[in-house]
Structure formats: C-alpha cells, structure tokens
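Here is the structure we will look at, set down as structure tokens.
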Amino acid sequence: MDQQAQASDPVSNTGAEPNAAQTSHPESIGSVPVPANGISADEIALYDRQIRLWGMKAQEKIRNANILIITMKALGNEVAKNLVLAGIGSLTILDPEPVTAADLGAQFLLAGDPAPIGTNRAAAASAALQRLNPRVQIHVDTVDVRLKPPSFFAPFDIIIATDLDSPTLNIINTATRLNSRPFYAANSHGLYGFIFADLIEHTFVITRAKSNLPTAVGPETRTRSVLAVTPSPSNDKEELVTKRELYSTWYLASGASQLPAEIQRSPRRRRAVTPLLSCFRAMWEFTALHDGLPPQTDNHAHLAEFTRLCQEQHRALGLPAETLRSEVLRAFLQHISSSPSPASSSSPTAAAAATATTTAASSTSEVSPAAAVLGGQLAQDVINVLGRTQQPVQNFVIFDGDALEAGVYALHPQGELGRALLVSAAATAAPPPVVAEGEVPSPSLVGGGAEVGEAGANFPTIPGPDGVPVQNPS
C-alpha cells in the first residue's frame with residue numbers, strides 16, 4: 001500500500017510499526033524522508049505565519065518529524081491536533097481502548113453522527129485528524145503499549161505518553177532511553193495536570209542581543225550549560241548561543257528528586273511552590289503500590305494512605321507544612337479519583353497483561369479547557385525541541401486550573417544527569433566480571449546476547465532509590 005493510500009485510510013496500519021521503507025531513508029530525521037526539493041511553495045503559503053515565527057529550517061525539521069502519541073483521550077486529542085496543524089510529517093496514535101459514552105464529552109476528534117461508541121479510540125480519532133491536515137501521514141496502532149518491544153520506539157523522533165499510570169510511564173521511558181529518544185509524559189485530571197520531559201541531552205541554539213559583558217562558556221545551572229557563543233551572521237548586534245540541557249528519567253525525577261537549591265534556600269520561594277506537586281508525587285507512589293489504580297474517595301484506607309504519602313512527599317521536598325491544607329487534598333482527590341474499568345482486548349495475552357493495570361485516569365472527568373492548555377503547552381514544547389531554537393521545558397510543569405497557574409520545576413536526583421545518569425549508576429552497582437587472562441567473557445557476564453532495542457533483550461538492572469531495582473536504559 002502506498003503512502004497516499006495510507007493517508008486516506010489511516011486504520012490500515014493498525015497494530016503495525018512504520019515499515020522499513022519509511023525508516024531506512026538516509027536523509028531523514030525519523031521515518032519520514034526529506035523531499036529532494038525541500039518545502040514546496042504550497043506548504044510555504046500554508047505554514048507562512050509559523051515559518052515567520054520560527055524560520056524555514058525549523059519548519060523543515062517539523063515537517064520531517066515522526067511522532068508517537070500514546071492514549072487518545074482529551075489531552076491526546078489536543079496534542080495531536082496542534083502537531084498536525086503545525087505540519088509534522090507523520091503521526092502514530094496508539095490506543096487499545098474502545099470509545100465509551102464518557103469519551104464523547106471532551107474529545108472533539110470523536111464528534112460524529114452516529115457516535116463511534118465501541119470503535120477503537122485511536123481509529124475513531126484518525127479520520128478527523130486527517131481532515132485537519134491531509135499532508136500529514138496518520139497511522140493507527142491498537143496494541144497495548146505495554147506489549148511492545150523496545151525496538152518499537154526506535155523509528156520515532158519523539159514519544160508522548162498521555163493519561164497513563166506511573167509504572168507504565170516508567171516502562172515506556174526505559175524503552176525510550178534504550179533508543180535515545182526524547183520522551184514526554186502528561187496527564188489531565190479535571191482542572192489539574194502535569195507535563196514531564198526527559199530529553200536525555202538536548203542541544204539548542206538561541207539568538208539574542210549582545211550584552212556589554214561577554215557570554216561565558218560553561219555551566220549556567222545544574223542542568224544547563226553554554227557550549228559555544230558565535231556572532232550572528234545576519235546581525236552584528238546579535239549572537240548565537242549554543243546550550244545543552246541534561247535530563248533525568250521519569251523513575252528518578254518523579255520520586256527520588258529534589259527541588260533546585262535556589263528554591264530550597266529561600267523560604268519565600270518554598271511557600272510559592274504549589275502543593276499539587278506533593279499531591280501528584282503521592283499519587284504516583286500510590287499507583288505504583290496499587291497496580292496502577294488511583295486512590296478511591298469511598299475507601300477510607302485509601303484516603304488515609306494517600307494523606308500520609310502527601311505529607312511525606314511534602315516534607316521530602318522541604319516545603320512548609322502550612323501550604324498542604326486539607327482543602328487542597330480534598331480538591332485533588334475529587335479531580336483524580338475514579339472507578340477503574342478493566343482494559344479490554346481481543347487478545348487473551350493482552351487482556352491478561354492489562355487486567356491488573358489500567359490508566360490512572362481511566363474514568364476521571366475530562367475538562368476541555370484544562371486539556372487544551374496542557375495540550376497546547378506540550379505541543380509547543382515538542383515544536384521547540386524539533387526546531388532547536390528555543391529553551392525546552394525542564395522538566396516538570398504542574399498545572400492548577402483553579403488558580404490558573406502552571407509552575408515549572410526542575411526536579412532531579414543527586415548525581416549524574418543526561419546520558420551519564422544511569423551509566424554511572426550501573427558502574428557503581430556491581431564490579432566488572434572477573435575472567436582469566438586471555439579468556440573471552442561470555443555474553444552472560446557482560447550483559448550481552450541481545451542488541452539494544454531488540455525484542456526480548458534482557459535489560460541489566462541497577463539499584464534505584466531505596467534499593468528498588470530499575471532497568472538500565474543507558
């Protein structure tokens with residue numbers, strides 16, 4: 001089937017990875033080949049306003065990008081819409097779940113008569129996405145992401161996981177690290193939500209006016225460094241500053257991390273940190289302990305445990321106790337609590353894998369304005385990362401729709417960051433294997449036997465926080 005037919009019939013790729021012809025082109029960013037003639041005149045006219053905003057080179061990178069979005073609920077709808085309208089090359093939407101009546105309230109891509117209840121959620125949204133921009137290749141995948149091998153993520157430039165529980169996000173982020181792919185996670189819970197970014201190591205170039213003092217090359221913050229400063233070729237009053245940001249994994253950033261030192265040293269800034277950060281961290285810990293299920297408001301044991309976890313997380317972050325008020329906990333629970341529904345699947349294997357774990361927001365109310373704000377900010381950051389001309393998010397955004405605020409917090413553990421983060425941890429976790437002189441170590445001693453990204457590979461484990469083993473995605 002040719003690409004034109006795939007675009008007109010997006011469901012044709014259901015359950016399949018992008019084909020080899022798409023992924024083997026030597027002059028591509030991801031799986032979408034760079035056309036020999038560059039951007040056409042029609043495309044320049046279509047994307048004129050955004051080309052004026054971020055430039056032709058950035059638009060070319062956006063146009064050749066191959067993006068994966070996991071879970072097509074309200075937030076996924078918003079992210080997909082914004083990326084398709086921006087003109088990305090290819091979008092794969094993955095969701096194993098059928099459309100229910102609850103999905104029709106906030107998921108505008110499902111609008112239609114008759115309503116597509118019972119249809120796969122990704123397949124039902126694909127037609128509307130294709131109409132938004134026929135130039136974008138839309139692919140549908142209906143296989144549970146937890147059943148995917150690490151190699152599945154290799155063809156994509158950026159992976160975006162929405163409305164999933166913390167253990168599932170950890171699995172996906174491990175696979176994206178194995179393939180050196182940028183990863184975003186985001187959830188929308190009523191009027192609350194968050195965005196997380198693990199770009200591993202991201203280099204970008206900003207253009208700014210020259211200062212009276214020369215720009216120093218070296219560290220700016222713990223995560224950001226200036227790599228080079230060069231004069232602008234088009235304006236002698238401007239300079240091009242090349243910077244690099246280092247990131248942590250979801251596993252470490254969501255639980256074993258601390259606020260930046262400049263916040264910890266300032267009582268005023270600690271009081272300004274939203275208590276929703278402690279609530280979200282407590283929820284991620286709770287779902288990890290309860291097979292992916294959020295606390296239920298009609299379960300007194302759940303409420304007591306969640307309250308305790310919130311207080312512990314608040315203290316661990318060094319935040320003042322008076323900012324974690326009872327009304328904050330009540331409001332948060334009202335937004336995130338749900339009655340979990342088991343994931344459905346036509347495959348017995350998939351059904352068995354999905355029985356114990358469901359999405360953390362499987363039945364929570366979706367509020368369109370909140371999803372639109374989060375989806376817009378996430379899509380914009382993806383565009384910034386593709387274009388490499390703007391500062392990306394570092395590394396958490398916590399959205400409070402009640403206060404109409406979205407705070408950005410750099411949450412990292414102590415030690416190495418970026419590509420070195422888990423490499424250094426693995427190096428200290430166990431001594432190297434001892435072999436006799438001249439002897440070739442066996443694959444079992446050096447962790448071999450499978451290539452990185454190969455299905456069925458045995459990932460080496462390293463001790464994580466509190467001694468919990470974590471797969472090494474370095």
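The values are calculated or read from the model by the stated rules, or taken from the named source; none is laboratory data. Computed from a predicted model, the values in this text were never measured in an experiment. Here the Cβ is made from the backbone with ideal geometry for all residues, glycine too, and neighbour counts use every protein chain on show. The accessibility values were calculated without ligands, DNA or RNA, using every heavy atom of the protein model including side chains. Shrake-Rupley method; radii C 1.70, N 1.55, O 1.52, S 1.80 Å.
Where residues in the range 101-111 are loosely packed, with under 15 Cβ neighbours inside 10 Å and in a loop (DSSP other than H, G, I, E, B), which of them is modelled with the lowest pLDDT? Going through the qualifying residues, I end up with ALA111. From the list ILE206, ILE195, ILE172, exactly one residue is in a strand (DSSP E or B) and either in contact with a Ser or Thr (Cβ under 6 Å, 6 or more places away or on another chain) or open to solvent by less than 20 Å² (accessible area, probe 1.4 Å) (or both). Which is it? From the options ILE206, ILE195, ILE172, the qualifying one is ILE195.
Here the condition is being of a type in the set (D, E, K, R) and more than 23 Å from LEU169 (Cβ to Cβ); of LYS73, LYS81, LYS61, it holds for LYS61 alone. Checked against the criterion of being open to solvent by 40 Å² or more (accessible area, probe 1.4 Å), farther than 15 Å from LEU199 by Cα and at pLDDT 70 or above, the candidates ALA429, ALA406 yield just one match: ALA406. Does THR223 satisfy the criteria of being among the hydroxyl-bearing types (Ser, Thr, Tyr) and over 19 Å from PRO413 (Cα atoms)? No: the conditions fail for THR223. The helices (runs of 4 or more DSSP H) found entirely in the range 6-92 that carry 3 or more residues being modelled with pLDDT of 90 or more, open to solvent by less than 50 Å² (accessible area, probe 1.4 Å) and in contact with a Gly (Cβ under 7 Å, 6 or more places away or on another chain) are 74-86.
In the condition set (1) touching a strand residue (DSSP E or B) at 6+ places or on another chain (Cβ under 7 Å); (2) open to solvent by less than 40 Å² (accessible area, probe 1.4 Å), ILE200 is compliant with all but (1).
Of the listed requirements (1) touching a helix residue (DSSP H, G or I) at 6+ places or on another chain (Cβ under 8 Å); (2) in contact (Cβ under 8 Å) with a residue 24 or more places away in the chain, LEU104 misses just one: (2). Among the residues of the range 149-163 satisfying the criterion of being closer than 27 Å to GLY87 by Cβ and either at pLDDT below 95 or not aliphatic (A, V, I, L, M) (or both), which is surrounded by the most Cβ atoms within 10 Å (Cβ to Cβ)? Checked the range 149-163; the qualifying residue surrounded by the most Cβ atoms within 10 Å (Cβ to Cβ) is THR162. Is at least one residue of the range 125-147 open to solvent by 20 Å² or more (accessible area, probe 1.4 Å) and out of contact with any helix residue (DSSP H, G or I) (no Cβ under 9 Å at 6 or more places or on another chain)? Yes, because at least one residue in the range 125-147 is open to solvent by 20 Å² or more (accessible area, probe 1.4 Å) and out of contact with any helix residue (DSSP H, G or I) (no Cβ under 9 Å at 6 or more places or on another chain).
For the range 173-187, check the following and say yes or no: at least one residue is touching a residue at least 24 places away in the same chain (Cβ under 8 Å), within 30 Å of GLN334 (Cα to Cα), out of contact with any strand residue (DSSP E or B) (no Cβ under 7 Å at 6 or more places or on another chain) and among the hydroxyl-bearing types (Ser, Thr, Tyr). Checking the range 173-187: not a single residue is touching a residue at least 24 places away in the same chain (Cβ under 8 Å), within 30 Å of GLN334 (Cα to Cα), out of contact with any strand residue (DSSP E or B) (no Cβ under 7 Å at 6 or more places or on another chain) and among the hydroxyl-bearing types (Ser, Thr, Tyr). A count restricted to the range 145-169 and to residues that are assigned to a loop (DSSP other than H, G, I, E, B) and farther than 18 Å from ALA122 by Cα stands at 5.
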